[in-house]
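Notes for the one structure printed next.
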Amino acid sequence: MLKVFNNPYKTTESWSAQGAIIMWYLGTPGADSDANKIPLMVNAVSMQYNRQQISFYPLNADASGNATKVNVKGAPTGSLQLTSIYCPTPGEIGKFLEAAARDCAKAGDEMYVTIRPFGTIKCGDQPVTKAPRWILSGVELNGLALNIQSAEVTLVNMPLAFTFSGLQIENP
């Protein structure tokens, strides 16, 4: 028998990796049964979560001569950018932007955004896997722009910039 090419894989699976589900709601964690889809045609989502850290290297040591490095960590901060195409959904975009841009949001009334990469993946009637869900809390709008480009089809792009204060990742 002549092997023309050697493939180490014994089986093949096909997975659908299409899009993401992005929802928003006001309230407390886990209350996403009242969640609404983001009322925009979202082209891209970018999220960053950062935490400042300062390292100290004490000059003194214990009796054995061992010194301990100390890391002091600050409060984490996060940023979320949505690159979207304005979608003609009457009223829904206004509700979403108004909730995200509120001047007063007390504890228990925070804005949450949930992101489920790949949406809900199914193969036949059985789910292949549920993607993890990223839950951003304390989401606040801090930047909005509007770009209109005219051609055969007028394109209205609305990039949005948010900050958030908490991040939880739920694995199924």
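The values are calculated or read from the model by the stated rules, or taken from the named source; none is laboratory data. Just so we're clear, the structure is a prediction, and the values are computed from it rather than from any experiment. A quick note on method: Cβ atoms are made from the backbone with ideal geometry, for glycine too, and the neighbour counts reach across all protein chains shown.
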Among the residues of region 27-86, write down those that are part of a loop (DSSP other than H, G, I, E, B) and either surrounded by 10 or more Cβ atoms within 10 Å (Cβ to Cβ) or within 27 Å of the chain's Cα centre (by Cα) (or both).
THR28, PRO29, GLY30, ALA31, ALA35, ILE38, PRO39, LEU40, ALA61, ALA67, THR68, TYR86
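Restricting to region 134-155, name every residue that is surrounded by fewer than 15 Cβ atoms within 10 Å (Cβ to Cβ) and part of a strand (DSSP E or B).
Within region 134-155, ASN142, GLY143, LEU144, ASN147, ILE148, GLN149, LEU155 meet the criteria.
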Note down all Cβ pairs under 9 Å where the first residue falls in region 50-63 and is more than 24 Å from GLY166 (Cα to Cα), the second is assigned to a strand (DSSP E or B), and they're at least six residues apart or on different chains.
PHE56/VAL70; PHE56/ASN71; PHE56/VAL72; TYR57/VAL70; PRO58/VAL70
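Please indicate, with yes or no, whether at least one residue in region 89-101 is surrounded by 11 or more Cβ atoms within 10 Å (Cβ to Cβ), touching a Cys at 6+ places or on another chain (Cβ under 9 Å), modelled with pLDDT under 90 and not aromatic (Phe, Trp, Tyr).
Looking for residues that are surrounded by 11 or more Cβ atoms within 10 Å (Cβ to Cβ), touching a Cys at 6+ places or on another chain (Cβ under 9 Å), modelled with pLDDT under 90 and not aromatic (Phe, Trp, Tyr), one finds at least one in region 89-101, hence yes.
Using the structure shown, decide if TYR86 is of a type in the set (Ser, Thr, Tyr), in contact with a Gly (Cβ under 7 Å, 6 or more places away or on another chain) and either under 30 Å from SER150 (Cβ atoms) or in contact (Cβ under 8 Å) with a residue 60 or more places away in the chain (or both).
For TYR86, the condition - of a type in the set (Ser, Thr, Tyr), in contact with a Gly (Cβ under 7 Å, 6 or more places away or on another chain) and either under 30 Å from SER150 (Cβ atoms) or in contact (Cβ under 8 Å) with a residue 60 or more places away in the chain (or both) - is not met.
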